[in-house]
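Asks: Dropping the structure in here first, questions after.
The values are calculated or read from the model by the stated rules, or taken from the named source; none is laboratory data. Note that the structure is predicted; figures quoted are calculated from it, not measured. Cβ: placed from backbone, ideal geometry, glycine included. Neighbour counts: every protein chain shown. Note: accessible area is taken over every heavy atom of the protein model, side chains too, but ligands, DNA and RNA are not part of it. Shrake-Rupley method; radii C 1.70, N 1.55, O 1.52, S 1.80 Å.
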Amino acid sequence: MRIGFWFLLSGFIFTISLNTSAQSRKDTVRRYRKRIFAVPTLGTGPETGFYGGAVALLDFVPVRDSNARHSVVKTELAYTAKKQFIVNLDWVLTDSARKQILIGDNAWMRFPELFWGVGGKTPKSNEVLYDAYRLELNNVYFRRVRPNMYLGVSQQFQSVYSTRFPDYKESNAAVYNQIQTGISSGLGASFLYDTRSNLLNPRAGEAMIFVQSLGFGKVFGSDFTFANLDADARYYQKTGKKSILAFQAVAQLRSKEAPYRMMSLLGGPMMLRGFYQGRFRDNNLFATQAEWRLDFSKWFGLTVFGAAGDVVSFQNPERNGSLKTAGGAGLRIKVDQTENTNMRFDFAFTNQRDFGFYVSFGEAF
């Protein structure tokens, strides 16, 4: 979900169970159990004013295997008072035998964004607002090579176009000059080790390791030539009958030629919550977080979380700043008892006196 204050328009969330027939007419047993969750939303943010929209989530899993991995498709639409529009479609699809996985994160938007320049110590006085259209297509296809271990092919595409500056300030001309339009398109390889059964709410004892490397260049239709490497590791430890402690560590490496929008962005609704996503950006990012999750009743849970990290430049160390930290707490409402799916409400604050409020299906990690 986007940064901002999100409120529910209605006090209900409805669940629709859909049955599917077998491939053969003789087989009347359902192959998948499906759930659809939908919720209208209303929010406000400093860049957008008030906006409204809807989020829908499809969660399905093979009926006969209680330990099978869930497949998830999520779509988000939002429209703002400033005539900004967002369409987001994400998915993680797995076949019943867990031999193949398809992961997608795709969006089209016209969305203004705040920008402070590049580096880990950019001052707030650098803040500029720019408006642009963006098309983002990020997809990975995995094939299992060993139990819980996969190799895959990754694709990334981002087009930033029709950029304009609604309130151009000559005093910040140097900051505006770092905003680059164009296409970044790349192809690469990925590795995944994953024992999670429910991506929206992993269980104790499960783990995930993801590594991805891509090259961007003219051969793929890119206006920029650079390379990136991403690593993401997660583990979930049982701490009580109804509680777990979740850990995550992230590393992102970019070559120095990466354009500003493909650099590592600190903050957002997943890692270092409370920071505006992109408040600090540079070629590299290192961050870690932990979250304690407690189910204190059949329908409700609580979380407490903390994170630390920063963006880093190896070529230009003078851009590096001090360590960034964030923490907060959240409420969980279980919208599906059978599949153990939560809606999360997180309030986060940072060591730089910023804060954020987030509403979304599933956990941050």
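Asks: Going through the range 273-289 one residue at a time, which ones are at pLDDT 95 or above and closer than 16 Å to R344 by Cβ?
Replies: If we filter the range 273-289 for residues that are at pLDDT 95 or above, which is where we start, we get 280-289.
Matches in the range 273-289: Q289 only.
Asks: Then there's this: Does the range 278-294 hold any residues that are farther than 15 Å from A329 by Cβ and open to solvent by 20 Å² or more (accessible area, probe 1.4 Å), and which are they? Quick ask: steps written out before the conclusion?
Replies: Initially, the range 278-294 is screened for residues farther than 15 Å from A329 by Cβ, giving 278-288.
Matches in the range 278-294: F286, T288.
Asks: Filter the range 83-116 down to residues that are under 26 Å from R281 (Cα atoms) and either in contact with a Pro (Cβ under 6 Å, 6 or more places away or on another chain) or touching a residue at least 24 places away in the same chain (Cβ under 8 Å) (or both), then give me how many there are.
Replies: Number of matching residues: 17.
Asks: Six or more apart or on different chains, Cβ atoms under 6 Å: show the pairs whose first residue is in the range 194-211 and of a type in the set (G, A, S) and whose second is open to solvent by 40 Å² or more (accessible area, probe 1.4 Å).
Replies: What qualifies is S197/N67; A204/K238; A207/Y235.
Asks: Also: What is the residue count in the range 76-86 for residues that are surrounded by fewer than 16 Cβ atoms within 10 Å (Cβ to Cβ), assigned to a strand (DSSP E or B) and touching an Asp or Glu at 6+ places or on another chain (Cβ under 9 Å)?
Replies: The total comes to 0.
Asks: Quick check on the range 207-250: of everything there that is hydroxyl-bearing (S, T, Y) and surrounded by 16 or more Cβ atoms within 10 Å (Cβ to Cβ), which residue is nearest to L192 (Cα to Cα)?
Replies: The qualifying residue nearest to L192 (Cα to Cα) is S213.
Asks: Within the range 114-158, count every residue that is open to solvent by less than 20 Å² (accessible area, probe 1.4 Å) and not aliphatic (A, V, I, L, M).
Replies: Counting residues in the range 114-158 that are open to solvent by less than 20 Å² (accessible area, probe 1.4 Å) and not aliphatic (A, V, I, L, M) gives 14.
Asks: Starting from residues that are open to solvent by 20 Å² or more (accessible area, probe 1.4 Å) and either in contact with a helix residue (DSSP H, G or I) (Cβ under 8 Å, 6 or more places away or on another chain) or over 19 Å from L199 (Cβ atoms) (or both), keep the ones in the range 95-113 and report whichever is modelled with the lowest pLDDT.
Replies: The qualifying residue modelled with the lowest pLDDT is F111.
Asks: Residue check: is E127 closer than 29 Å to K324 by Cβ and free of Cβ contacts under 8 Å to residues at least 60 places away in the same chain?
Replies: Yes; evaluated as a whole, the condition is true for this residue.
Asks: Okay, moving on. Looking at F275 and the list (1) open to solvent by less than 10 Å² (accessible area, probe 1.4 Å); (2) assigned to a strand (DSSP E or B), which single condition is not satisfied?
Replies: Failed condition: (2).
Okay, residues lined up against (1) within 20 Å of the chain's Cα centre (by Cα); (2) within 26 Å of F286 (Cα to Cα); (3) open to solvent by 40 Å² or more (accessible area, probe 1.4 Å); (4) not acidic (D, E):
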position: F305; (1), (2), (3), (4): yes, yes, no, yes
position: G321; (1), (2), (3), (4): no, yes, no, yes
position: R332; (1), (2), (3), (4): yes, no, no, yes
position: N342; (1), (2), (3), (4): yes, no, no, yes
position: D346; (1), (2), (3), (4): yes, yes, no, no
position: F349; (1), (2), (3), (4): yes, yes, yes, yes
position: R353; (1), (2), (3), (4): no, yes, yes, yes
position: Y358; (1), (2), (3), (4): yes, yes, no, yes
position: E363; (1), (2), (3), (4): yes, yes, no, no
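Asks: While we're here: Give S171, S71 a once-over and let me know the one that is in contact (Cβ under 8 Å) with a residue 12 or more places away in the chain and among the polar types (S, T, N, Q).
Replies: When all the criteria are applied, what remains is S71.
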